[in-house]
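The values are calculated or read from the model by the stated rules, or taken from the named source; none is laboratory data. In this text the structure is predicted, and so the values were computed from the model without any measurement. All Cβ positions, glycine included, derive from the backbone under ideal geometry; neighbour counts span all protein chains shown.
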Amino acid sequence: MNLERMYTVIIGPHVSEKTTLMGENDNQYAFRVAKNATKLEIKEAVESIFNVVVDDLQVLNVKGKVKKNVKGRTRRKLSWKKAYVRLETGHEIDFADIG
């Protein structure tokens, strides 16, 4: 896989309270990924970009939420794809150190 595709597969880290605890306790991280990305592409991209070894990978589609505005009209936010990546012991990703 070429370098340009790797950077388009991984859109960015998904940071929340849940994913922060998962990173500390289970060595597992969450990423927002491209909708057309496959598991193999995600694994290769994470391993090459962050210099780590991926142990397990789970991918899921997140459905966009339905929101109402002041006038009562509803609209759906965009759906997106999320990947949970578990790293082997001894490996970790420090998002504050990436630059």
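Checking each residue in region 55-70 for being over 11 Å from Lys81 (Cβ atoms), of a type in the set (A, V, I, L, M) and part of a strand (DSSP E or B) picks out Leu57, Val66.
Glu41: buried (at least 18 other Cβ atoms within 10 Å of the Cβ) and assigned to a helix (DSSP H, G or I), yes or no? Here the answer is yes, as Glu41 does meet what is asked.
Return yes when Gly90 is among the small types (Gly, Ala, Ser) and more than 21 Å from Ser16 (Cβ to Cβ) and no when it is not.
Criteria met by Gly90.
Only one entry of Glu41, Glu17, Glu24 meets the criterion of being under 17 Å from Leu87 (Cβ atoms) and either at pLDDT below 90 or not aromatic (Phe, Trp, Tyr) (or both), and that entry is Glu24.
Filter region 16-31 down to the residues that are under 16 Å from Asp56 (Cα atoms) and either in contact with a strand residue (DSSP E or B) (Cβ under 9 Å, 6 or more places away or on another chain) or among the aliphatic types (A, V, I, L, M) (or both) and list them by number. Talk me through it step by step, then tell me what you get.
Let us first name the residues in region 16-31 that are under 16 Å from Asp56 (Cα atoms), namely 19, 22-23, 25-31.
Those that are under 16 Å from Asp56 (Cα atoms) and either in contact with a strand residue (DSSP E or B) (Cβ under 9 Å, 6 or more places away or on another chain) or among the aliphatic types (A, V, I, L, M) (or both): Thr19, Met22, Gly23, Asp26, Asn27, Gln28, Tyr29, Ala30, Phe31.
Against the test of being free of Cβ contacts under 8 Å to residues at least 24 places away in the same chain, out of contact with any Cys (no Cβ under 7 Å at 6 or more places or on another chain), in a strand (DSSP E or B) and not hydroxyl-bearing (Ser, Thr, Tyr), the options Arg32, Arg75 yield a single qualifying residue, Arg75.
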